[in-house]
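What follows draws every value from the coordinates through simple rules; no lab data is involved. Computed from a prediction, not measured in an experiment: that's the story for all the values here. For neighbour counting, all protein chains shown are included, and Cβ atoms are generated from backbone atoms with ideal geometry for every residue, glycine included.
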Amino acid sequence: MRTPSSIAAKATAGQSHLRILQTTDLHAQVLPFDYYTDRQVEGTGLARTASLIAAARAEAQTCLLLDNGDFLQGSAMGDYIAYDRGLNMGDLHPIIAAMNTLGYDAATLGNHEFNYGIPFMMAAIGASNFPFVSANTLTKRGATVQEDERLLPPYVLLDRMVQDGTGKQSPIRIGVLGLLPPQIVTWDEAHLRDRIFSRDMVETAAALIPEMRQAGADIIVVLAHTGIGEAAHDIDMENAAIPLAQLPGIDALILGHTHLVFPSPYFEQTAGVDLAAGTIAGTPAVMAGFWGSHLGIIDLLLEQQDGRWRVAASRSEARPIALRDPETAARRPLVKSAQPVLRAVQGAHLATLNYMRSPVGETLKPIHSYFAMIHDCQSLQIVCHAQSAFVAERLKGTVWADLPLLAAAAPFKAGGRAGPDHFTDIPAGPLYQRSVADLYCFPNTICALHLRGHELVEWLERSASAFHRITPGQSDQPLLDEAFPSYNFDVIFGLTYEIDPSQPARYSADHRLIDSAARRVHNLCYNGKPLDLDAEFIVATNNYRSSTQSAFNSFIKTEAVLQASVTIRTIIYNYICRNGPLNLVPQPNWRLRTFPDTSYCFDCSPRALPLAAQLPGLTLEPMGSTPDGFVRFRISA
């Protein structure tokens, strides 16, 4: 057992210690198990985090356990419950069963809670033993924050007792406010249109904090499902941690959404951050990674002044459930899974395993996504083939049937923050339900958009922002911008084109136009001829991209000609069943421009080492392992 925190040890007469524990972005990852590869993994799972929770509670007299959202979607178990077993009001979702076991005090919603629709979400949280709050998830937007009507209460007031350095007990009222990105109305437009509205997080918090004080809150904790982004407030910004931290009246700020860890060296160059204390703009803050990888802890030393509690000192930390072995780069667990959590989800786990192990077809060749960010990718082309076949069938007999049909897809599993095991890797041989889920791990539904050639150019230019600008003639330059998530790197199948990373990016990683003269996409062709910028096309894609295209890019005015409730995973399943055994030959789609005497660096899984020599048009040379378990490759012509 750890010793009590230094904050607790400092408490004297009139001073008390309050510990806040945080989980965030659990994404229904309860067990340390990867259903896509059918094996145990060491760095994920609330069952492991539960052991850290028990230890942290044992070190403090008064603890709050809070979850910061994105708990419902993101694992095969979560999808199985949503799409195959179903959930009625009163049923116990396995992630809620696990959280009930751990005795959470409160939680807020994240953006992914809405992926399965409002009825499913409400059925899941309706069985919780703890309150959910969300101040800017609105059923009707009023003229002011106070006049908004909400899906859930905006905050909860928790009455607890704290103990001072002499052992004296005193009452304290803790207000917990919930916030999420207002972009939910765009990201899940199909589920939320005309039903749910949103409001800026900073505006909402600024209006409600005084109300919470008037209601008797001594300490205010903000559960903000948002990351650390720009310092200046911009209306409806997605990652608003710094502007929130600058608001008066917030005593502790709980963060998430971006799957990062705070405090950590990742933020050492961020203005206003004190990593030693774990503060942002002087406000105690914490962000506990994702999938249960860490337990966030904020220790507050409280003292009474003029009859009110105030924070005299604080300390934040994020405790990991596993560490990488420096010699093997394998994750080494620091704690065991908590048995009560394992028991709570055992039935759902076994049912998920049985479902994921169901056979669906066969592939004659292995399928992987190791090089999807630098080259044509077979795994994406399977998705595009399936999407195109479905859309073509649905558009038969319509005015759109004779237009050229393209398909867009992005690599969802391409390493990045999720680590070197986060790639699609399906060996030749039988295909199972887990193989389909490995190819497409999100619950997106099918859509088709009517676009013109110039709009396709803008779409691809946004994807091309995934790369750092490189300088011809220099060696070993980092290629991928880690701020750009791979799920936004769309390739458009049916076109051929080249991306030149030596040119400035037209768009930023967060989709803002930053250089209207910049162009990275070259030699863009359809059927071997230069793309006609006025030509009309149909693009098979998903509901998320359909909703976000216009929101991300003012140059694109989307017109959806097909919106169906069928998930793309179901479409891939049916495609495999009709076209098996799969023997897909990769077709030329896009390439990365290379230059003489120039090399790029690219991090990938160690499992990619035997495959690197098979990549046509590029030379990949292993450079060794990185501290986080990737293998770094040198890319040259």
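Excluding residue 257 itself, what net charge comes from residues whose Cβ is under 11 Å from its Cβ, given Lys and Arg +1 and Asp and Glu -1?
Charge balance in the 11 Å sphere: -3.
Could you compute the net charge surrounding residue 267? Neighbours are other residues with a C-beta less than 15 Å from the C-beta of residue 267; K and R count +1, D and E count -1.
Within the 15 Å Cβ shell, the charges total -4.
Mind ranking 305-312, 504-511, 19-26 by how tightly packed they are, going by the mean number of other C-beta atoms within 10 angstrom, highest first?
Ranking, from highest mean packing down: 19-26, 504-511, 305-312.
Where Rh is the Kirkwood radius over the Cα pairs of the stretch 6-349, the temperature 37 °C and the viscosity 0.692 mPa s, what D in µm²/s does Stokes-Einstein return?
Translational diffusion coefficient: 162 µm²/s.
With no solvent and one point on each alpha carbon, what is the Debye value of log10 I(q)/I(0) for the chain at q = 0.05, 0.06 Å⁻¹?
The calculated log intensity ratios at q = 0.05, 0.06 Å⁻¹ are -0.23, -0.33.
Give the shape of the stretch 302-358 as rounded, prolate or oblate, defined through the alpha-carbon gyration tensor: a ≥ b ≥ c are the square roots of its eigenvalues, a/c under 1.5 means rounded, and otherwise the shape is prolate if a/b is larger than b/c and oblate if not.
oblate
Over every pair of different alpha-carbon atoms in the stretch 421-559, take the mean of 1/r and invert it; report that Kirkwood radius in Å.
Taking every pair of different Cα atoms in the stretch 421-559, averaging 1/r and inverting gives 16.7 Å.
What is the ratio of the Cα radius of gyration of the stretch 359-636 to 2.2 N^0.38 Å, with N the residue count, to two decimals?
Taking the Cα Rg and dividing by 2.2 N^0.38 Å, one obtains 0.98.
Just add up the charged neighbours of residue 203: K/R +1, D/E -1, any other residue whose Cβ is under 15 Å from the Cβ of residue 203.
-4
Starting from one equal scatterer on each C-alpha and no solvent at all, send me the Debye-based log10 I(q)/I(0) for the stretch 324-388 at q = 0.26 Å⁻¹, two decimals.
Debye intensities relative to I(0), on a log10 scale: -1.05.
Order the peptides 424-432, 166-174 from the highest to the lowest mean number of other Cβ atoms within 10 Å of their residues.
Going by the mean number of other Cβ atoms within 10 Å, highest first, we get 424-432, 166-174.
At 4 °C and 1.567 mPa s, grab the translational diffusion coefficient of the stretch 518-637 from Stokes-Einstein with a Kirkwood Rh over Cα pairs, rounded to a whole number in µm² per second.
The calculation lands on 69 µm²/s.
Share of Cα-Cα pairs in the stretch 112-269 beyond 21 Å, in percent?
50 percent
Using the Kirkwood radius over Cα pairs, work out the Stokes-Einstein diffusion coefficient for the stretch 1-135 at 4 °C and 1.567 mPa s, in µm²/s as a whole number.
Answer from the Stokes-Einstein relation: 80 µm²/s.
Please list the helices of the chain that count as membrane-span-like by this rule: a mean Kyte-Doolittle hydropathy of at least 0.5 together with Cα atoms stretching 27 Å or more along the helix axis, each helix being a complete DSSP H run.
Going by DSSP H runs, there are no hits.
Relative contact order for the stretch 359-636: what percent, with Cα pairs under 8 Å and sequence separation of 6 or more?
Relative contact order for the stretch 359-636 comes out at 28 percent.
Let me confirm the definition first: pairs of Lys residues in the stretch 359-636, 8 or more apart or on different chains, C-alpha distance under 30 Å. How many are there?
Lysine pairs meeting the criterion: 5.
For a footprinting-style exposure proxy, rank 441, 384, 447 by other Cβ within 10 Å, fewest first.
441, 384, 447
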